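In what follows, a structure is listed as structure tokens, so that the remarks can point back to it.
The values are calculated or read from the model by the stated rules, or taken from the named source; none is laboratory data. Keep in mind it's a predicted model, so treat the numbers as computed, not measured. For neighbour counting, all protein chains shown are included, and Cβ atoms are generated from backbone atoms with ideal geometry for every residue, glycine included.
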Amino acid sequence: MIKQQLQIDTKEAMKQKNQPLVDVLRMAMSAIQLKEKEQSYKTKEAQKDLEDEQVIGVLSSEIKKRKDAIALYQQGNRPELADKEKAEIAMLQAYLPEQLSEDELKKLITESIAKTGATQIKDMGKIMADLMPQVKGKADNSEISKVIKELLS
């Protein structure tokens, strides 16, 4: 499981005194634990470990936060902080499944468009509902949206 690998890698990074990696992995574990607590609160059941696909969702969310921060840092002319966020993204992406290439993504989206019979941008929800189980964690949602818009226009 990804969560156990994060725990192992955190300990290893601590032994190697790799503080940037320790910080990123601790943040990831904290976000995962928060999600587990939220889930347990909503279901009113005992707290359970997240499944790998849920952990991928949490890590993807953390990466998105960093991408948003990079844009803000670049607007504010703070390249050193943007570089730090980029390094953190690279560390987190190591725990995600291999990302789809643009060609693979276009192929999956084209198949989904044919399957759902979508013809207009307003059908994007149908396409996303069909596509997300196949691409969760393997492609950025903004990239998926951009390709769908490109193919439907």
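A few points about this structure:
- Residues of the range 7-38 satisfying the condition of being more than 19 Å from Q93 (Cα to Cα) and either loosely packed, with under 15 Cβ neighbours inside 10 Å or in contact (Cβ under 8 Å) with a residue 60 or more places away in the chain (or both): M14, K15, Q16, K17, L34, K37, E38
- Sole exception among (1) touching a Gly at 6+ places or on another chain (Cβ under 7 Å); (2) part of a helix (DSSP H, G or I) for E143, by number: (1)
- Lone qualifier among D68, D130, D140 - being more than 24 Å from M29 (Cβ to Cβ) and surrounded by fewer than 18 Cβ atoms within 10 Å (Cβ to Cβ): D130
- Test: Q120 is touching a Leu at 6+ places or on another chain (Cβ under 7 Å), more than 20 Å from L96 (Cα to Cα) and surrounded by fewer than 16 Cβ atoms within 10 Å (Cβ to Cβ): yes
- Residue in the range 80-98 that is under 22 Å from Q54 (Cβ atoms), under 19 Å from the mean Cα position of the chain (by Cα), at pLDDT below 90 and loosely packed, with under 15 Cβ neighbours inside 10 Å present: yes
- Per the listing A46, A28, the residue uniquely part of a helix (DSSP H, G or I) and more than 25 Å from I148 (Cα to Cα) is A28.
- Single residue of I56, I63, I113 found to be in the same structural domain as D140 (by TED's automatic domain parsing), surrounded by 15 or more Cβ atoms within 10 Å (Cβ to Cβ) and part of a helix (DSSP H, G or I): I113
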